Amino acid sequence: MNFLTHPLFSNLGIEHGFGTKLTVPPSNIFLPRQVHSSFVASWGREDLPPKDGTVADGVTTTDPKRAIGIVTADCVPILLASEDGSAVGVIHAGWRGFSSGIVDETLKSMRRIASNKAVYSLIGPHVGPCCYEIDQPVVDALLPRFGNGLNEALEPSRTGHFHLDLGSLATLSLARGLISPARQSRLRDSCTKCQEDRFHSFRRDGEKAGRMTHWVKAKCVAA
């Protein structure tokens with residue numbers, strides 16, 4: 001089965017893909033060791049890439065020789081690309097990543113390497129608010145970064161608990177990072193927990209859950 005793609009990037013000629021249960025990762029791909037942090041790994045096309053397993057939850061590069069990716073099993077995968085495709089990025093964001101500012105830090109890195117070009121973003125498959133319930137301590141951890149904006153992503157459920165829309169947090173984070181609505185998009189109807197035939201889900205399958213790889217690759221653009 002092919003990776004899931006989106007016209008926003010395809011029309012710009014940017015190679016990318018969101019994984020499913022049936023996809024096999026590209027053979028030449030950099031994958032960091034994800035720890036729900038705000039760490040970003042970044043390198044240029046003339047630099048040596050960091051070693052596989054380098055700790056990071058965001059990656060940016062202008063190197064067209066190797067795809068970059070992250071893995072998920074409910075968290076939000078976000079792909080980034082400059083308008084000409086010369087700079088690309090990936091983000092792994094769960095509630096801990098959002099609270100630590102991983103989206104902000106990765107966008108800062110993208111701006112440094114994108115040479116003032118417009119940046120586009122795609123939000124991939126993740127657990128939906130229908131299947132993602134959190135408690136008050138998680139809300140308290142998110143409030144310092146999102147403030148009243150957090151209300152847009154919360155819906156009360158049982159006492160002391162809320163359904164959280166991680167996709168809305170991603171959209172809000174990207175907008176605050178000056179990614180305009182015209183340069184943002186997301187895959188719809190892609191709750192990882194609901195769609196057992198398509199996606200791996202830690203919330204559904206626990207420790208036995210697999211992982212899906214999501215990736216993007218920079219274009220070779222003349223200097």
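The values are calculated or read from the model by the stated rules, or taken from the named source; none is laboratory data. Quick caveat, the model's predicted, so the values are computed rather than measured. Note that we place each Cβ from the backbone using ideal geometry, even for glycine, and neighbour counts take in every protein chain shown. When the accessible area is computed, the model is the full protein with side chains, heavy atoms only, and any ligands, DNA or RNA have been set aside. Shrake-Rupley method; radii C 1.70, N 1.55, O 1.52, S 1.80 Å.
Seen against the Cα atoms of the chain and their longest principal axis, helix 102-113 is set at about 10 degrees.
Assuming a ≥ b ≥ c are the square roots of the Cα gyration tensor eigenvalues, decide whether region 143-223 counts as rounded (a/c under 1.5), prolate (otherwise, with a/b larger than b/c) or oblate. Walk me through the numbers on the way to the answer.
Details: a/c = 2.49, a/b = 1.16, b/c = 2.14.
The shape class here is oblate.
For the chain, modelled as a GNM whose springs connect Cα atoms under 10 angstrom apart, the maximal fluctuation among 105, 207, 133 occurs at 207.
When DSSP beta bridges are limited to those with both residues in the chain, what percentage is antiparallel, rounded to the nearest 5?
Around 70 percent of the beta bridges assigned by DSSP in the chain are antiparallel ones.
Histogrammed with a bin width of 10 Å, the alpha carbon distances of the chain distribute as 9, 36, 38, 15, 2, 0 percent, first bin at zero.
For residue 42, the amide hydrogen comes within under 5 Å of the amide hydrogens of 60, counting only partners 5 or more places away or on other chains and with H modelled in the peptide plane.
Phi angles across region 30-39 convert, under the Karplus curve 6.51 cos²θ - 1.76 cosθ + 1.60 with θ = phi - 60°, into 3J(HN,Hα) values of 8, 10, x, 8, 8, 9, 6, 10, 10, 6 Hz, Gly and Pro given as x. Each label point was placed 7 Å from the Cα along the Cα-to-Cβ direction; for residue 35 and residue 12 their separation is 3.0 nm.
Residues whose amide H falls under 5 Å from that of residue 30, counting only those 5 or more places apart or on a different chain, are 67, 68, 69, with hydrogens built in the peptide plane. Computed from Cα atoms, the angle from the helix 166-176 axis to the main principal axis of the chain rounds to 50 degrees. Here region 17-32 is scanned for amide nitrogen atoms under 19 Å from the site 7 Å beyond the Cα of residue 48 along Cα-to-Cβ, giving 29-32.
Using packing as a proxy for protection, rank 50-60, 185-195 so that the peptide with the highest average count of other Cβ atoms within 10 Å comes first. Walk me through the intermediate numbers first.
Values: 50-60: 19.6, 185-195: 17.0.
For the peptides 50-60, 185-195, the packing ranking is 50-60, 185-195.
Carbon and sulfur atoms: what percent of the 1.4 Å accessible area of region 75-175 do they account for? Let's see the in-between values first.
On the way: 1810 of 3710 Å².
In region 75-175, the share of accessible area belonging to carbon and sulfur is 49 percent.
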